[in-house]
Amino acid sequence: MPDFTDAVTTRRTFAIISHPDAGKTTLTEKLLLFGGAIQAAGAVKARGDARRARSDWMKVEQERGISVASSVMTFDFAGCVFNLLDTPGHEDFSEDTYRTLTAVDSAVMVIDAAKGIEERTRKLFEVCRLRDVPIVTFINKMDREARDPFDLLDEIEQTLALDVTPASWPIGMGRDFLGCYDLLKDRLALLHKKGRGELPDPGEVCEGLEDPKLDALLPDYAVATLREQVDMVRGLCPEFDLESYREGHLTPVYFGSAINNFGVRELLQGLAEIAPSPRLQPASPRPVAPEEEAVTGFVFKIQANMDPKHRDRIAFVRLASGHFRRGMKLTHLRTGKLLNLHNPVLFLAQDRELAEEAFAGDIIGIPNHGNLRIGDALTEGEALRFTGIPSFAPELLQKVRALDPLKAKHLGRALQQLAEEGAAAVFKPRIGADWIVGVVGQLQFEVMADRIRTEYGIPVVFEATQLYTARWVAADDPLQLKRLIDANAVAIADDHDGQPVFLARNAWHLGKAEEEFPKVRFLKTREAVL
Ligand code: G4P
């Protein structure tokens, strides 16, 4: 067994899923504070002018107040190395979020205590469930008027069909919220309150509910309610079962208030103790175990423009196995080329630094000029394909046109690059001069227009089309495919890799083509073709 096993077993690679406004940014910030990765609150989410200054490369971010970019944050706590993968909050970027979830081993689901399970939380939860990603729940904002904790547990259990067991229990709520009792350890650590941004010291510790210190530290009514409720909840909920959590059937629930630091340390401690270390990665022809000596990894995200001064692209690679060292040469399987990785980057809160070494579960960024794409595998030579990286059918199709017709050719190149990044699907109809862009959410058109203007200097407009949907077409018999293409020349386009696509005007048009060419497969995603 190689000697990096410890490095693997102490890795915790996770993401936070939540509905916008539930408190993901605040919690992220507090996790980084506890992990010592940042010194002051407010560093993650620069507010007001500071935020505008930081991300002035992307106007959409300013105008919409959303974070389009997502990143990786690494910090240490309780002997573990945590990799927190941020996910964009806006609905239109769900593709990115979904792909990010393929690169984590567990997730934290943040719920607003006044609102319970909201729509986005449920959708993201479903993605986690598809991949059996274990979930820890954090019920946030207990310092506000919140719903009854029993009610919230019941809702999680009912709407998500999950077993639920509280890992901590709130003492009071709203203005009377005093903190949380640790049910797993059967103890209470009262925090010495500090300013919002400062890290509190763990204060007095009470062992067990009968500890007389509890009566001395908390008001009578709070102790009585706590004892009564803990008694009840222990009777009602199953005991915490590690295996059931790891298999994605049970979620331990922490209550807290991220902004007041309540429950954050307990959550982090919980993740160190129970969250899984890197898992077996599904791949073809065989899954990859994290302890394997040879380095393997896959690209789950491409991001352009992280540094406005350098027009680089960063491919985010999740290492699936091995001990990676800077300067290694890895095979890029899609092209068969050897990549010399002399300047991979690690991400630390806001900064990047050179990655001297990394292990399974870590994310390294590889600067490149567009040769790396989502889903690509890197290995020390073995032919592997990582599976389960989702791709989505473009549901909205619009024509894109350069305002200056002389820039049409440059526009083609810009679109090609954006498609390779996974920002959108781009189709070039075989007849006519238009380009068609396919996306999942409307806002992606605006982001693209903005990027094409700022990054490539080409002002463009998007225009509505009569198109209903796009299907990649493939057939075992090339003649069948040729027949379809010949008979439907006006409806055929090529994607950025030259794969043929059928652009349907309406459901009937698609149905008719499927009926006439039963041996041709009409596929919703290009990954299905490759
Ligand atoms: P998000 O990333 O999930 O969208 O949520 P974010 O952390 O930005 O939090 C959304 C709002 O909820 C913020 O207020 C934040 O301060 C507040 N919040 C987060 N955690 C708690 C908590 O534990 N208790 C209470 N009472 N509020 C919390 P905002 O007014 O929108 O922004 P700001 O002016 O505070 O930045």
(request) Mind listing just one residue for me: the one in the range 233-266 that is assigned to a strand (DSSP E or B) and within 14 Å of the ligand (Cβ to nearest atom) and, of those, nearest to residue 126 (Cα to Cα)? (result) 254
(message) I'd like the full set of residues that are of a type outside the set (D, E, K, R), open to solvent by less than 40 Å² (accessible area, probe 1.4 Å) and outside any strand (DSSP E or B), limited to the range 500-528.
(response) 509, 510, 511, 513, 517, 520, 525
(request) Select the strands (runs of 3 or more DSSP E) contained entirely in the range 387-499, then report the ones holding at least 2 residues which are open to solvent by 30 Å² or more (accessible area, probe 1.4 Å) and at pLDDT 90 or above. (result) 396-402, 460-464
(request) Please state which one of 345, 295 is at pLDDT below 75, open to solvent by less than 20 Å² (accessible area, probe 1.4 Å) and in contact with an Asp or Glu (Cβ under 7 Å, 6 or more places away or on another chain). (result) 345
(message) Which residue is modelled with the highest pLDDT, if the candidates are limited to the range 350-379 and must be in a loop (DSSP other than H, G, I, E, B) and open to solvent by 20 Å² or more (accessible area, probe 1.4 Å)?
(response) 375
(message) Step by step: first the residues of the range 313-331, then only those that are under 23 Å from residue 284 (Cα atoms) and β-branched (Val, Ile, Thr), then the one that is most open to solvent (accessible area, probe 1.4 Å). Which residue is that?
(response) 331
(request) Scan the range 14-28 for residues that are part of a helix (DSSP H, G or I) and within 7 Å of the ligand (Cβ to nearest atom) and jot them down. (result) 24, 25, 26, 27
(request) Might you check whether a residue that is under 12 Å from the mean Cα position of the chain (by Cα) and away from the ligand (no atom under 14 Å from the Cβ) occurs anywhere in the range 114-126? (result) yes
(request) Kindly establish whether residue 334 is over 28 Å from residue 129 (Cα atoms) and either under 20 Å from the mean Cα position of the chain (by Cα) or open to solvent by 30 Å² or more (accessible area, probe 1.4 Å) (or both). (result) yes
(message) Tell me which strands (runs of 3 or more DSSP E) are completely within the range 71-175 and hold 1 or more residues being aromatic (Phe, Trp, Tyr), or say none if there are none.
(response) 72-77, 80-85, 135-140, 168-171
(message) Whether any residue in the range 29-38 is within 15 Å of the ligand (Cβ to nearest atom) and modelled with pLDDT under 65 is what I want to check.
(response) yes
(message) Being over 29 Å from residue 320 (Cα atoms) and surrounded by fewer than 18 Cβ atoms within 10 Å (Cβ to Cβ) is the requirement here; does residue 231 meet it?
(response) yes
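The values are calculated or read from the model by the stated rules, or taken from the named source; none is laboratory data. Here the structure is a predicted model, which is why all the values come from computation and not from measurement. Virtual Cβ from ideal backbone geometry, glycine too; neighbours counted across all protein chains shown. Heavy atoms of the whole protein, side chains included, go into the accessibility calculation; ligands, DNA and RNA do not. Shrake-Rupley method; radii C 1.70, N 1.55, O 1.52, S 1.80 Å.
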